[in-house]
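Have a look at the structure below, then the notes.
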Amino acid sequence: DPRSVDLPWCGAVLRLNGVVEETGLAAGVQGHPAIGVAWLANKLAPWGDSLKAGQIVLAGSFTRPVAAKTGDSFEADYGPLGKMSFRFV
C-alpha cells in the first residue's frame, strides 16, 4: 500500500560488482514520485486514455544511470521495500 510508506524518503543503494555506485531518495523525482505519475495521467486524459488499475508505471529514477558491460552484476537495495539483483550477460 503506497499510503503506508513515506515515498519521498524511500531510498536506494545501487551496487555495481559489490561497490556502491549511487545512492538516492525518491524525493529526487519532482519532490515526490506520485507527481510524475499524476503528470502522466493528466497528459493521457485529453486523448481519452488513462492509467489502469494494476498497471506498473515507473515514476522516474533517483539515481543516475550507471554504465554496464558484459559480466557486470548489479544490486538495487531499497531497504524495507526489498532489493533486486541482476547481471548482464
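The values are calculated or read from the model by the stated rules, or taken from the named source; none is laboratory data. Note that the coordinates shown come from a computational prediction; the quantities given were computed from them, not determined experimentally. Positions of Cβ are generated from backbone atoms using ideal geometry, with glycine treated the same way; all protein chains shown enter the neighbour counts. Only protein heavy atoms, including side chains, enter the accessible area calculation; ligands, DNA and RNA are left aside. Shrake-Rupley method; radii C 1.70, N 1.55, O 1.52, S 1.80 Å.
General observations
- Lone qualifier among V66, V89, V37, V29 - being at negative phi and open to solvent by 70 Å² or more (accessible area, probe 1.4 Å): V89
- The set of residues in the range 78-89 being assigned to a loop (DSSP other than H, G, I, E, B) and hydrophobic (A, V, I, L, M, F, W, C) consists of F88, V89.
- Verdict on W9 being loosely packed, with under 13 Cβ neighbours inside 10 Å, farther than 19 Å from S85 by Cα and in contact with a strand residue (DSSP E or B) (Cβ under 8 Å, 6 or more places away or on another chain): yes
- The lone exception for E75 - which of (1) open to solvent by 80 Å² or more (accessible area, probe 1.4 Å); (2) not in a loop (DSSP other than H, G, I, E, B) it fails: (1)
To keep it simple, each residue is scored yes or no on (1) under 22 Å from G79 (Cα atoms); (2) assigned to a strand (DSSP E or B); (3) in contact with a Phe, Trp or Tyr (Cβ under 8 Å, 6 or more places away or on another chain).
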{"position": "A12", "(1), (2), (3)": "yes, yes, yes"}
{"position": "G36", "(1), (2), (3)": "no, no, no"}
{"position": "W39", "(1), (2), (3)": "no, no, no"}
{"position": "N42", "(1), (2), (3)": "no, no, no"}
{"position": "P46", "(1), (2), (3)": "no, no, no"}
{"position": "S50", "(1), (2), (3)": "no, no, no"}
{"position": "G60", "(1), (2), (3)": "yes, no, no"}
{"position": "R64", "(1), (2), (3)": "yes, no, no"}
